[in-house]
Amino acid sequence: MMSSLLQSSTTATPVASMTASTASTATAAAAAAAGTGSTAAVTALTATCAALALILVAMCLLDLPYFFRSLFSYVSATCFKKKLRATDTAVYSSVCLTSDLDVYLTHMNNARYLREIDLARIEFLLRTGIWRELRRRGGLIFTIANSVRYRRFVRTFSRYEIRTRIVYWDDVSIFFEFRFVSKADGFVRAIVYNRQQVVDCSADELMRTVVGGGGGGGDGADSTEAAKTASEGAYRRPECPIEIHHWIQSNLMSSASLKAEIGDGDPL
């Protein structure tokens, strides 16, 4: 009997050792798995924090909403909206959001009107072919003056449209009119006159080509032929509106006063 007990004890010892070893291995595997999962979670959290930090830095350094909306206007004008003639009126629709409000939180901030006409002008230049012809000629266009008259508030969450048209141009500049019209009642809430200076090419020749039917399409010969046809009767520069005339004179007097005051020699 004693030898039988000893034999049983000897047999049980390896089994217990194997069980303990298996349990130890399982525990180690579970700990390793938990460690791997914890590392992955930390990595994901770190990546998320880094991405948020980059977005925050970008928002501090750049006006991201403006760039995104400009991109949207570009895509919309080139891919979805129909083409227009340079003498047509373009309509750009928008809504007064909370990001557009002033300190009273009831209507659009005065500075936002100029932001909105930027977006409307992008669409107009692309849809009419002016931008394409301008770049074909190697030119650029910049704002050098604005005149804004606020007639009534654009209220929070109200929908409105900007009606854009060219009212006049000369040899160096194109003059735009932007009307902010509320969709609820059709009232002109504000009117903006915007002067765009054309550099590295003639504004009059640019408009002669676009109005005459060139539109920036085709090769140089086609554009030259369109300009020739326009010059023979299809093209006519509009008369300068009286308010634009007085605005130009006001700008000239302002430039003269500044030149007399500081003698900078700048023609503008």
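Residues of segment 104-209: accessible area per residue at 1.4 Å, in Å²?
It amounts to 44 Å² per residue over segment 104-209.
With labels modelled as points extended 7 Å from the Cα through the Cβ direction, what inter-label distance (nm, one decimal) is found for S257 paired with I242?
2.4
Only loop residues by DSSP count here, and only those with at most 13 other Cβ atoms within 10 Å; note down the trypsin sites (Lys or Arg not before Pro) in segment 158-212 that meet that. If you can, show how the numbers build up before the last one.
Working: sites: R159, R163, R165, R179, K183, R189, R195, R208; in loops: K183.
Taking segment 158-212 and a limit of 13 other Cβ atoms within 10 Å, the loop trypsin sites (Lys or Arg not before Pro) found are K183.
Mind checking segment 75-159 for chymotrypsin sites (Phe, Trp or Tyr not before Pro) that DSSP puts in a loop (not H, G, I, E or B) and that have at most 13 other Cβ atoms within 10 Å?
Values: sites: F80, Y92, Y104, Y113, F124, W131, F142, Y150, F153, F157; in loops: Y104, F153, F157.
Here the sparse-neighbourhood loop sites are Y104, F157.
Test of the criteria: in segment 32-136, which trypsin sites (Lys or Arg not before Pro) are in a DSSP loop and have at most 16 other Cβ atoms within 10 angstrom of their Cβ?
Those that pass, being in a loop and sparsely packed, are K81, K82, K83, R85.
The values are calculated or read from the model by the stated rules, or taken from the named source; none is laboratory data. Just so it is clear, the structure is predicted and the values come from calculations on it, not from any experiment. Neighbour counts run over all protein chains shown; Cβ positions are idealised from the backbone, glycine included. Please note that ligands, DNA and RNA were not included when accessible areas were found on the heavy atoms of the full protein model with its side chains. Shrake-Rupley method; radii C 1.70, N 1.55, O 1.52, S 1.80 Å.
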